[in-house]
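Read-outs throughout are calculated quantities, based only on the coordinates presented, and are distinct from any laboratory measurement. It should be emphasised that the depicted structure is a prediction, and the values quoted were computed from it without experimental measurement. Heads up, the Cβs are rebuilt from the backbone with ideal geometry, glycines too, and the neighbour counts pull from every protein chain shown.
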């Protein structure tokens, strides 16, 4: 298998944790809420799913429990930041620390244990094409995350719910005055973000690298938050960004294949460094951010 | 049926009594939440709370260890709080701490034989500069490139960990160290002098307390501190007054970075005595909690850093005596910050229960 | 006789200590254009929120066609046929007109777009359904709001200060629409403090003062000053006479200013030339959203011009193009911004600390440290001279009413003894007594030789205080008119002239 084939076949799976978490955060941010606790929600989902799967609960059950865990923590965020109007940044950080702590707490007796991943589903015909065939051999969660991307894209472009989320994010006062329950809509959006982050974590710990280690999310939740900025709050661009980071995560293995002598620490830093650089490039285009940005993002809404 | 919920109503002015009560009530709330968690997990809560909250104060040695941990937490939190009040969210203190430790270590690593009284002060200075330089990257990204400082500073922390690993596994590894990822042990002159004989508490604690007082003057009395606070509370008012936003960001991040770097240097030149992987047990993140718990006020932070240090020491004991996973401390920290944010709401708001008259309908 | 469309019986609502409405009775008949007349803070907006279901009354009853109402949300009110056009529009700028409408009116977009066009043609409310709201003028946005309401087939349409954002000519057009609607059977609640307008269009007026109904009259039978006396409870003070125009030094000069802000939703300024001399008040008229905030930011120094040789901003004969607001203040410049809370003052800080914002160079800071005693004295003096209603100087700015805070900010800026004062919307949301006092102070300062620039949406105000008027429209500034030689209608024409005439 050459490097290109390797990247093509592995990219989507590597991108999936980023993609799922970023899509969830995208919905929350579209509604005007900045939840920085993604890393913690992912970590908790990862631990819960791993425990369920390790104890013979099956992947489906693992994902359900992880989703519930993510929703629970995100509702905690919503209670404090939306219900009690606390600073969203500080609340997100608290949720992040709490989620990561809980994952380490629950996962303590599972350190370095492994489980089996999920079966690959091949798309007939397409998966037999040389070179790009690997792209069409993926597990079901990858396929589902692609469906979720398409679904969210459709939602924002064509449905009333999408319109409503955008409206609430742009001008919550106006939305309230024409009769929409702003806080309830935002709580819903945040809960969706928690659900997606929980699933993203579950995928990371039970499918992508089916092994438990404390700190295994390794900044992927934070990168997911950055991806939403990279994608300027558009589903399609967030998807492309996730693919980029999927490829970057494969860099280590690719370098081993090519036999280049690059320190492993530099390779491990690569996603972080790329995040920093891309953030600088995208953000310096102030007009672009202003044009696509969410006017009320992170602001406390006082009725 | 309608659910009757109390409404949050803004107070006319901030409640001073609530400001003082909030951290203590938050502690009670967090303790309660963790109590239930321990019960579900078959950990004996009384043993945990004894170990966490009482045992650090039962022996002189344990108490001195609390003071030792207070130093770095106090330094970092004071620096961060200044930024937080200016709404500059530097959450990469962990990375700035690590860079401070690395830069300080350069002297004993490259000049292991050097001696003289100049060595440890230079290390502290170099550490502060290193932390400041690391924070300056975030600052540049925020001011010139308009990038979000939360994400950039956090990513830089993750990079700093990798940089530390690289040095310890590669060029800075102690050749006589049995292949452990650590540097040489530092020479005597590279160590910060001890403050309390018979303990590991060194004079960097004095620096931390002194800098806290300086922070108090800076935030409560100086015009620059006032400008920073205006920038945090009402950025448009700061622009209207002509207070430079970029300047405020640079100052916030540099102060935070230098303080964290100084703390990192004091850690390797103090209790640890070499550069190793475990130089920080999450000080940079814990300091965020310390800063908030102290109400972002220099005096409050003096108390909250001491408390958080006790929690660290207590967590170590609880691991042994009550079989509490070490992650239990992180859970407690996270729930403490969350509880504090819940209670801090009532500094500026109060609950308004729907009046009974509204429910009587003809 | 049939029951009135809407009646309120003894309705009260209070927020904490503030009684916004006390024992209000109101009857709105069918086919009526009914005015709710009252000063800022008289309780008009609260009353409308109760009727539209945004808030619930503490006590009293609201009846709709004789039946008692319990509104839980605006949706309930809409269901019954109550529509509301907000003063600060409840539109979403990044969405299109039809998307905005579809958030309130069910139906698919194509169908809605068609209905918007048809309705627009019928009532003179033409607007492109596919346009993004941020590209629309204020008048067009108001039309969108009205259309959105009309598509829900209301029996009662509430308009909150609808003319405050419109030039005189558009007001006439709006009135034609309203008359047509009333003839078609829609009752209209018209909230305003503009007496002439109420006399021109309303057949009934309920007058509110301090939360209570103080009169029910047919406004066509009373003259404006009688209505004003009912509204504020005493006679309106007369404006201060201005001394004849003197020609002092140029204290402010903008030369060939072209500016495009980073914000893509902002209005580009084109070829702005203006000058203000000592002892003169120059008024800038115009419908909001035509570049006022962009121009204000450039003059105050909050936004800086991009480097170019030709365009310059001069103050006190010095080139200040690249100076920040603090440096401009050092030259004798003072500025009262449009937004009091968050720009002119920090809501969470005391009045003492808010003094420091701009007055720090008046001896309130030494060796980099704040001198609290001096700052307190400054704040106290400002409170006393301006008659600011507040417990003391420790009160937080956010706890003051809009009018009181404006008095404090204007006082603070005047205490800087400026050579050049720039006031953006001096009396917006301020009650009549305080507004008159503010205008008198401006004229007194001018008589003392200060150069003053005023931006205002209220033409009456500009005609009262300014020596000259220029109109800002689509980011361009008109020629200079001497106030005594011109009329509001002439200025109004320049306010609505379309696009790139120059």
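What to note about this one:
- 10 Å Cβ neighbours from other chains, averaged over peptide C:358-371: 3
- The helix-only estimate of mean residue ellipticity at 222 nm for chain A, built from DSSP H runs of length n ≥ 4 each weighted as -39500 (n - 2.57), is -22000 deg cm²/dmol after division by the residue total.
- Label-reachable residues, the range C:274-306, where backbone N falls under 17 Å from a point 7 Å from residue C:486's Cα toward its Cβ: C:274-277, C:280-288, C:290-292
- Stretch gain in nm, segment residue B:28-residue B:57, where the contour uses 0.36 nm per residue and the Cα spacing is subtracted: 8.6 nm
- Max mean-square fluctuation residue, GNM over chain B, Cα-Cα springs under 10 Å, options B:14, B:106, B:28: B:14
- Listed residues B:17, B:64, B:304, most fluctuating in chain B (Gaussian network, C-alpha, under 10 Å): B:17
- Cα gyration tensor, chain A - rounded (a/c under 1.5), prolate or oblate: prolate
- Full extension of the chain between residue C:80 and residue C:67 gives 3.5 nm of extra length, using 0.36 nm per residue less the Cα-Cα distance.
- Theoretical FRET efficiency, 1/(1+(r/R0)^6), r = Cβ-Cβ of residue C:444 and residue C:179, R0 30 Å, to 0.05: 0.10
- Helical runs assigned H by DSSP (4 residues or longer) give chain B a calculated mean residue ellipticity at 222 nm of -22000 deg cm²/dmol, each run adding -39500 (n - 2.57) before division by the residue total.
- Convex hull volume per residue for the range B:238-362, taking Cα atoms only, in Å³: 211
- Helical content alone sets the calculated 222 nm signal of chain C at -10000 deg cm²/dmol, taking -39,500 (n - 2.57) per DSSP H segment of four or more residues and averaging over every residue.
- FRET efficiency for the pair residue A:55 and residue B:326, taken as 1/(1 + (r/R0)^6) with r the Cβ-Cβ distance and R0 = 22 Å, rounds to 0.45.
- The range B:165-264: C-alpha gyration tensor shape, a/c 1.5 cut-off, then a/b vs b/c: oblate
- Rh by Kirkwood over Cα pairs, then Stokes-Einstein D for chain B at 0.692 mPa s and 37 °C, µm²/s: 151
- Between residue A:122 and residue C:153, the modelled labels are 6.1 nm apart [label points 7 Å from Cα along Cα→Cβ].
- Euclidean distance of C-alpha centroids, the range C:395-460 and the range B:252-301, integer Å: 48
- Interatomic Cα distance distribution for the range A:55-109, bins of 5 angstrom, percent: 5, 18, 21, 22, 16, 10, 5, 3, 0
- Placing a label point 7 Å from the Cα of residue C:10 along the Cα-to-Cβ direction, the residues of the range C:30-60 whose backbone N falls under 13 Å from that point are C:59-60.
- Computed log₁₀ I(q)/I(0) - Debye formula, equal Cα scatterers, no solvent, chain C, q 0.06, 0.13 Å⁻¹: -0.30, -1.35
- From the alpha carbon centroid of the range A:235-281 to that of the range C:336-362 is 48 Å.
- Computed label-point distance, nm, for sites residue C:369 and residue A:5 using a 7 Å Cα→Cβ extension: 7.6
- Between residue B:144 and residue C:246, the C-beta separation translates, for a Förster distance of 30 Å, into a calculated FRET efficiency of about 0.05.
- Rg over Rh [alpha-carbon atoms, Kirkwood Rh] for the protein assembly as shown: 0.99
- Here B:340, A:208, A:301, B:110 are placed in order of increasing Cβ neighbour count within 10 Å, fewest first, which gives B:110, A:301, A:208, B:340.
- Label zone at residue C:221 (point 7 Å along Cα-to-Cβ), backbone N below 12 Å, the range C:188-206: C:204-205
- Our note on the geometry: Cα centres of the range B:9-53 and the range A:1-56, 32 Å apart.
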